[in-house]
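Reviewing the structure listed below.
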Amino acid sequence: MAKTREHFGGRLAVILAMAGSAIGLGNIWRFPYMVGEHGGGAFVMVYIVSTLLISLPVFLTEVMIGRRSHTNSRDAFARLSRHHPFWKGVGYLPIFIPLLIASYYSVIGGWSVEYFWQSCRQTFVTMSPDGTGALFNDYVTSPWRPVWTHLFFLLVSAGVVAGGVKSGIEKFSKITLPVLFVLIVVIIVYSVTLPGSAAGVRYLIHPDWSELTPRTFAYAMGQSFYSLSLGMGAIITYGSYVKKQENILATSTGTAISDLLFAIMAGFAIMPAVFAAGIEPGAGPGLIFQSIPYVFARMAAQLPFLSALMSILFFLTIIVAAMTSCISLIEVGVSFLMERAGLSRSKACVAIFLFCGGLGVLCSLSFGPLNDLKIAGMTLFDLFDWVCSNILLLLMSLLCVLFAGFVLPRRVLHDEFTNGGTLPFNDRIFPLVYFLIKWVAPVAVVIIFLTNFML
Ligand code: PHE
């Protein structure tokens, strides 16, 4: 067991670290195409409401479990349930899920490293736009390059985690998060001023009410869970580094709003450019790695310098966003190994690097040499992503809110939420938050789960 646990500094540090975890590939590639596919502005509205009414209460629950237990996400459940065998077992899930996610998440992180490198070499500026698709295909199917970039990305992320909570994670997010917001604003300005970009803006804000089906609600909620890093132990772990005197309502709301804002900004950065280039908004990682270089290659004919600069900034943005998220995934396993197995921080980082690195190599190869290896009709990469985002994330979120609503005494949550009754505003809204946690969130999660499977 750890003797003295580390802490984040002040409120801003907590928000930046948590927002660093939340803002990631989910905002940059997943959100924009979800908006387009599910009713544009109508989806955005459902997304905002479900973030505030459902995801935010689940987020608060994870922070409260973390801060109350003051330990890693496995022991949090054991400690708070007074070592109930069922909850002790459940505690392993939020250790196992982030390791799986870190393995494939860092593969995409590696792709952004490759594309950043190609941008620095001015590859997109000098090539014909039609060659960008082939470039992507050659790269991801190669048995070597994506493996190296994945390992490089994971190594740097694990290196930041090895620096510790305050001087590694906190410092890194304090510098990179503000940079991220500046970068995305620059890209938005570039994107919306391209000729033909107005259709992309319209696509994002035009609400198509006929698209508002139960499926839209389920997708909007699922997306907002993923985007806020819920159900993976990351927020429980970061919550355990939040000081007792911190107002968790303020930090959690700050995080949720930054995440929302960034998702919407990413939509305005990407979609207008995609439309300006005359590309159909597709789905998945392909959207940013195939379409955006195409945009840069086309723009290079008129504005080569600007195009080169923007491509470098764009892929740097993706690296930074993905890395702060990957760091939070690694920290979950590291805090567990430090407190459970008594490993030093650096040894724990090496262990996680080896484990996730190995699994990630398999995921990376599933685009190339292992492409024929299919389980339930899916490649390893798709299987990992599907199992984590559609099953494990929801299952763990459900267990968290059930644990908070039905296992923890109400007074424990009240105590955490109001800092022992010292925060009058929090005290006033506690009954509403408790109702959302205990009744609304579990029902919503079950509905998303069933909708994903049945529709
Ligand atoms: N929230 C991150 C994103 O939007 C993904 C993530 C999930 C990161 C879980 C950490 C933990 O990309």
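The values are calculated or read from the model by the stated rules, or taken from the named source; none is laboratory data. What you are looking at is a predicted structure, and each value in this text was computed from that prediction instead of being measured. Note that we place each Cβ from the backbone using ideal geometry, even for glycine, and neighbour counts take in every protein chain shown. These area figures cover heavy atoms from the full protein model, side chains too; ligands, DNA and RNA do not enter into them. Shrake-Rupley method; radii C 1.70, N 1.55, O 1.52, S 1.80 Å.
Taking the stretch 212-251 as the region of interest, how many residues are away from the ligand (no atom under 16 Å from the Cβ), in a helix (DSSP H, G or I) and at pLDDT below 90?
Here the count works out to 5.
Only one residue in 342, 333 is crowded, with 21+ Cβ neighbours inside 10 Å, closer than 24 Å to residue 6 by Cα, out of contact with any Gly (no Cβ under 8 Å at 6 or more places or on another chain) and not polar (S, T, N, Q). Which one? Outline the logic, then answer.
Numbers: 342 fails: crowded, with 21+ Cβ neighbours inside 10 Å.
The conditions single out 333.
Got at least one residue in the stretch 7-29 being open to solvent by 10 Å² or more (accessible area, probe 1.4 Å), within 14 Å of the ligand (Cβ to nearest atom) and not polar (S, T, N, Q)?
Yes, some residue in the stretch 7-29 is open to solvent by 10 Å² or more (accessible area, probe 1.4 Å), within 14 Å of the ligand (Cβ to nearest atom) and not polar (S, T, N, Q).
Cβ-Cβ under 9 Å, sequence separation 6+ or interchain: first residue in the stretch 393-406 and closer than 19 Å to residue 97 by Cα, partner buried (at least 24 other Cβ atoms within 10 Å of the Cβ) and charged (D, E, K, R). Which pairs?
397/62; 400/62
Restricting attention to the stretch 363-399, report how many residues are more than 16 Å from the chain's Cα centre (by Cα), modelled with pLDDT of 90 or more, in a helix (DSSP H, G or I) and not aliphatic (A, V, I, L, M).
3
Kindly indicate which of 107, 35, 63, 46 is in contact with a His (Cβ under 7 Å, 6 or more places away or on another chain), in contact (Cβ under 8 Å) with a residue 40 or more places away in the chain and among the β-branched types (Val, Ile, Thr).
Values: 35 fails: in contact with a His (Cβ under 7 Å, 6 or more places away or on another chain); 63 fails: in contact with a His (Cβ under 7 Å, 6 or more places away or on another chain); 46 fails: in contact with a His (Cβ under 7 Å, 6 or more places away or on another chain).
Selected residue: 107, the only one of 107, 35, 63, 46 that is in contact with a His (Cβ under 7 Å, 6 or more places away or on another chain), in contact (Cβ under 8 Å) with a residue 40 or more places away in the chain and among the β-branched types (Val, Ile, Thr).
Give the residue that is surrounded by the most Cβ atoms within 10 Å (Cβ to Cβ), with candidates limited to residues of the stretch 39-58 that are of a type outside the set (A, V, I, L, M) and more than 23 Å from residue 398 (Cβ to Cβ). Talk me through it step by step, then tell me what you get.
So in the stretch 39-58, the residues of a type outside the set (A, V, I, L, M) come out as 39-41, 43, 47, 50-51, 55, 57.
Cutting the leftovers down to more than 23 Å from residue 398 (Cβ to Cβ) gives us 39-41, 43.
On the way: 39: 23, 40: 21, 41: 16, 43: 25.
Checking each candidate, the answer is 43.
Can you tell me which residue among 165, 186 is at pLDDT below 90, open to solvent by 20 Å² or more (accessible area, probe 1.4 Å) and under 22 Å from residue 23 (Cα atoms)?
Values: 165 fails: open to solvent by 20 Å² or more (accessible area, probe 1.4 Å).
Residue meeting the stated conditions: 186.
For residues that are within 16 Å of the ligand (Cβ to nearest atom) and among the hydroxyl-bearing types (Ser, Thr, Tyr), scanning just the stretch 72-105, find the one that is nearest to the chain's Cα centre (by Cα).
The qualifying residue nearest to the chain's Cα centre (by Cα) is 105.
Kindly indicate which of 155, 180 is assigned to a helix (DSSP H, G or I), open to solvent by less than 40 Å² (accessible area, probe 1.4 Å) and either closer than 25 Å to residue 299 by Cβ or touching a residue at least 12 places away in the same chain (Cβ under 8 Å) (or both).
On the way: 155 fails: open to solvent by less than 40 Å² (accessible area, probe 1.4 Å).
Testing whether each residue is assigned to a helix (DSSP H, G or I), open to solvent by less than 40 Å² (accessible area, probe 1.4 Å) and either closer than 25 Å to residue 299 by Cβ or touching a residue at least 12 places away in the same chain (Cβ under 8 Å) (or both) leaves just 180.
Which of the residues that make up the stretch 80-95 are part of a helix (DSSP H, G or I), surrounded by fewer than 18 Cβ atoms within 10 Å (Cβ to Cβ) and in contact with a helix residue (DSSP H, G or I) (Cβ under 8 Å, 6 or more places away or on another chain)?
So in the stretch 80-95, the residues part of a helix (DSSP H, G or I) come out as 80, 85-90, 93-95.
Adding the requirement that they be surrounded by fewer than 18 Cβ atoms within 10 Å (Cβ to Cβ) leaves 85-86, 88-89.
Once the filter is applied, which keeps residues that are part of a helix (DSSP H, G or I), surrounded by fewer than 18 Cβ atoms within 10 Å (Cβ to Cβ) and in contact with a helix residue (DSSP H, G or I) (Cβ under 8 Å, 6 or more places away or on another chain), the stretch 80-95 yields only 88.
Test residue 262 against the stated conditions and say whether it is within 13 Å of the ligand (Cβ to nearest atom), open to solvent by less than 10 Å² (accessible area, probe 1.4 Å), over 18 Å from residue 57 (Cβ atoms) and not small (Gly, Ala, Ser).
Numbers: within 13 Å of the ligand (Cβ to nearest atom): yes; open to solvent by less than 10 Å² (accessible area, probe 1.4 Å): yes; over 18 Å from residue 57 (Cβ atoms): yes; not small (Gly, Ala, Ser): yes.
Spelling it out, residue 262 is indeed within 13 Å of the ligand (Cβ to nearest atom), open to solvent by less than 10 Å² (accessible area, probe 1.4 Å), over 18 Å from residue 57 (Cβ atoms) and not small (Gly, Ala, Ser).
Condition test on residue 432, is it assigned to a helix (DSSP H, G or I), aliphatic (A, V, I, L, M) and more than 24 Å from residue 90 (Cα to Cα)?
Numbers: assigned to a helix (DSSP H, G or I): yes; aliphatic (A, V, I, L, M): yes; more than 24 Å from residue 90 (Cα to Cα): yes.
The answer is yes for residue 432.
From (1) open to solvent by 40 Å² or more (accessible area, probe 1.4 Å); (2) modelled with pLDDT of 95 or more, pick out the condition that doesn't hold for residue 102.
Residue 102 satisfies all of (1) open to solvent by 40 Å² or more (accessible area, probe 1.4 Å); (2) modelled with pLDDT of 95 or more except (1).
Can you tell me which residue is farthest from residue 438 (Cα to Cα) among those in the stretch 385-399 that are open to solvent by 20 Å² or more (accessible area, probe 1.4 Å) and within 13 Å of the ligand (Cβ to nearest atom)?
Initial filter on the stretch 385-399 (open to solvent by 20 Å² or more (accessible area, probe 1.4 Å)): 385-387, 390-392, 395, 398-399.
In the following step, the residues that additionally are within 13 Å of the ligand (Cβ to nearest atom) were identified as 385, 392.
Working: 385: 28, 392: 20 Å.
Here the residue is 385.
Taking the conditions exactly as written (open to solvent by less than 20 Å² (accessible area, probe 1.4 Å) and touching a Gly at 6+ places or on another chain (Cβ under 6 Å)), does residue 348 satisfy them or not? Before the answer, list the steps.
Working: open to solvent by less than 20 Å² (accessible area, probe 1.4 Å): yes; touching a Gly at 6+ places or on another chain (Cβ under 6 Å): no.
No, not satisfied.
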